[in-house]
Amino acid sequence: DTLENIKNGKTSLRKVFADTCFAGDSLIHGLEIYNILNNEKLMTQISARLTHLEENINKIVSVNPKVLILHYGLNMLWADETGTQWFIDDYSELVLKLKKALPHTRIIISGIFPVDTEVATEEIFTHIPRHNEALKKMCEDLGVEFLDSTELVKSSAEYYSTDGIHLIGSFYSDKWLPFIVENKGITG
């Protein structure tokens, strides 16, 4: 019903996601720069790493969202398993802090978005699938949800900006946010 109401203009993405906080890197910053959602619940930074999340934990807790969606990792890709494990260990620690501080908040970890095929051959981006598998396992271990948008992004290649990494505004409003509604049951 929520997805149909969005399509028919009976409700807005802003209303559906009014109790949802997003924190993350430049891929989530698109929600802010394209003015798609309410900015007070968007904690984003270009080139953000996990230090960004750590620095914003108190702000996230003060917002006390019903749903928290985190997207980190593109700026922390490691070429080896050890580096991936460091990333997962640090991320796990921060997610556990958030779970403790926000026991009634639904936490969803977004997998790292794939890049366009033209840049996917760059060595660093070849590690995205391994990092996403590690993120999925982390979510299982911590009892939080994982959001895998890989196929959605891959099938939406026309939404990439010219750099082949970032996405244009209509991707978020037409594809990704409705995908979250449909796959995670966000109803507002």
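The values are calculated or read from the model by the stated rules, or taken from the named source; none is laboratory data. Please read these numbers as outputs of a predicted model, since none were measured by experiment. Quick reminder, even Gly has a Cβ in these numbers, built from the backbone with ideal geometry, and neighbours come from all protein chains shown. Please note that ligands, DNA and RNA were not included when accessible areas were found on the heavy atoms of the full protein model with its side chains. Shrake-Rupley method; radii C 1.70, N 1.55, O 1.52, S 1.80 Å.
Before moving on, here are some points about what is shown:
- Put simply, of His71, His52 the only residue that is more than 19 Å from Ile186 (Cβ to Cβ) and surrounded by 14 or more Cβ atoms within 10 Å (Cβ to Cβ) is His52.
- Only listed residue being β-branched (Val, Ile, Thr), surrounded by 13 or more Cβ atoms within 10 Å (Cβ to Cβ), part of a helix (DSSP H, G or I) and over 13 Å from the mean Cα position of the chain (by Cα), chosen from Thr11, Thr84: Thr84
- Set Asp163, Asp148: member being out of contact with any Pro (no Cβ under 6 Å at 6 or more places or on another chain) and open to solvent by 70 Å² or more (accessible area, probe 1.4 Å): Asp148
- Residue that is least open to solvent (accessible area, probe 1.4 Å), among those in the stretch 166-187 that are assigned to a loop (DSSP other than H, G, I, E, B) and out of contact with any strand residue (DSSP E or B) (no Cβ under 9 Å at 6 or more places or on another chain): Gly185
- Those residues of the stretch 98-133 which are out of contact with any Leu (no Cβ under 9 Å at 6 or more places or on another chain) and either part of a strand (DSSP E or B) or crowded, with 19+ Cβ neighbours inside 10 Å (or both), in sequence order: Pro114, Asp116, Asn132
- Asp1 at pLDDT 95 or above, open to solvent by 70 Å² or more (accessible area, probe 1.4 Å) and either among the charged types (D, E, K, R) or farther than 15 Å from Ile180 by Cβ (or both): no
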